[in-house]
Amino acid sequence: MSTNTVDPSEVAKFEAMAAEWWDLNGKFKPLHMLNPCRLDYITSQIAAEYDRDLNGDAPFAGLRILDIGCGGGLLSEPMARLGADVVGADAAGGNIPVAQVHAAQSGLEIDYRHTTAESLAASGEQFDVVLNMEVVEHVADPLAFLTACQTLLKPGGLMICSTLNRNPKSFLAAIIGAEHIMKWLPKGTHDWSKFITPDELFHLINKAGLDPVDRKGFVFNPITWDWSLSDRDLSVNYVTASLKSPSASA
């Protein structure tokens, strides 16, 4: 597989912010705020699919999880704490040493790599779970990227994919609000034209060879200043769960 899904301009944006991944009030403040809600969805989906008790000791032990577009490790570290064997991969090389240092400081063993989904797939890597969070809107070819993620899943494996909807509300919230008014993110972090509607994403996931089984919205409440999951409101941020057929070739 080629690595033609990498968009160098998108990689450069995150390279420039790499040192701030673990600054709670830095450029990744929105992700830190969203992370508990993301983790609630991720852990519940994995636990349901693999019949794991989240109240048990190391509930994800024995599961191999890929965090593609891992950044500084905001999702990789919780997965490792839950007992999973975690590979964190990112096309932005500057993110990897930041993630490695923080994991070492946290006493966690995580296999961080400067690589792409396509390269991992070409080398025959296989995972029980692929976390594909806030990445697909930054790649050059979403279908090719999702197809690589499908290849990386073991038969019966689970992919969790989140992104941003494309509509006037998401433009106001993610571009005008987050980048221009609140200044949570540098201007130009997101390209609204690359946002993907839920129906478009389900279509792409199906074309990539996966079966979409769930989708939820991430909804921000400006009064309580927190995020929650919604069955109905997918108007800005949303997340999906998809499965690879147990009979699919590995």
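The values are calculated or read from the model by the stated rules, or taken from the named source; none is laboratory data. Computed from a predicted model, the values in this text were never measured in an experiment. Counting neighbours? That spans all protein chains shown, and the Cβs are built from the backbone with ideal geometry, glycine included. These accessible areas exclude ligands, DNA and RNA; they are computed on the full protein's heavy atoms, side chains included. Shrake-Rupley method; radii C 1.70, N 1.55, O 1.52, S 1.80 Å.
Taken over the range 25-49, the criterion of being open to solvent by 50 Å² or more (accessible area, probe 1.4 Å) and not in a helix (DSSP H, G or I) is satisfied by Asn25, Lys27.
Among the residues making up the range 94-128, those that are charged (D, E, K, R) and either surrounded by 19 or more Cβ atoms within 10 Å (Cβ to Cβ) or under 30 Å from Ser245 (Cα atoms) (or both) are Asp111, Arg113, Glu118, Glu125, Asp128.
Against the conditions (1) out of contact with any strand residue (DSSP E or B) (no Cβ under 8 Å at 6 or more places or on another chain); (2) on the phi > 0 side of the Ramachandran plot; (3) not charged (D, E, K, R), Gly156 satisfies every one except (1).
Restricting attention to the range 90-109, the residues being touching a His at 6+ places or on another chain (Cβ under 8 Å) and acidic (Asp, Glu) number 1. Take the residues of the range 50-88 that are surrounded by 18 or more Cβ atoms within 10 Å (Cβ to Cβ) and in a helix (DSSP H, G or I): which is nearest to the chain's Cα centre (by Cα)? If we take residues in the range 50-88 being surrounded by 18 or more Cβ atoms within 10 Å (Cβ to Cβ) and in a helix (DSSP H, G or I), then Ser76 is nearest to the chain's Cα centre (by Cα).
Counting only strands (runs of 3 or more DSSP E) that sit wholly inside the range 171-250, those with at least 1 residues that are at pLDDT 95 or above, under 16 Å from Met133 (Cα atoms) and of a type in the set (Asp, Glu) are 211-221. Applying the criterion of being in contact (Cβ under 8 Å) with a residue 60 or more places away in the chain and out of contact with any Lys or Arg (no Cβ under 8 Å at 6 or more places or on another chain) to the residues of the range 159-168, the residue that is nearest to Tyr41 (Cα to Cα) is Ile160. Among residues of the range 134-156 that are farther than 26 Å from Pro246 by Cα, those with a beta-carbon under 6 Å from a residue that is part of a helix (DSSP H, G or I) at least six positions away or on a different chain give the pairs Glu137/Lys194; His138/Glu10; Val139/Phe145. Looking only at residues of the range 233-246 that are in contact with a Gly (Cβ under 9 Å, 6 or more places away or on another chain) and of a type in the set (Ser, Thr, Tyr), we find that the one that is surrounded by the fewest Cβ atoms within 10 Å (Cβ to Cβ) is Ser245. Does Gly107 qualify as being at pLDDT below 95 and within 28 Å of Leu24 (Cα to Cα)? So Gly107 does not fit the description; no. The single condition among (1) part of a helix (DSSP H, G or I); (2) open to solvent by 70 Å² or more (accessible area, probe 1.4 Å); (3) not acidic (Asp, Glu) that Trp22 does not meet is (1).
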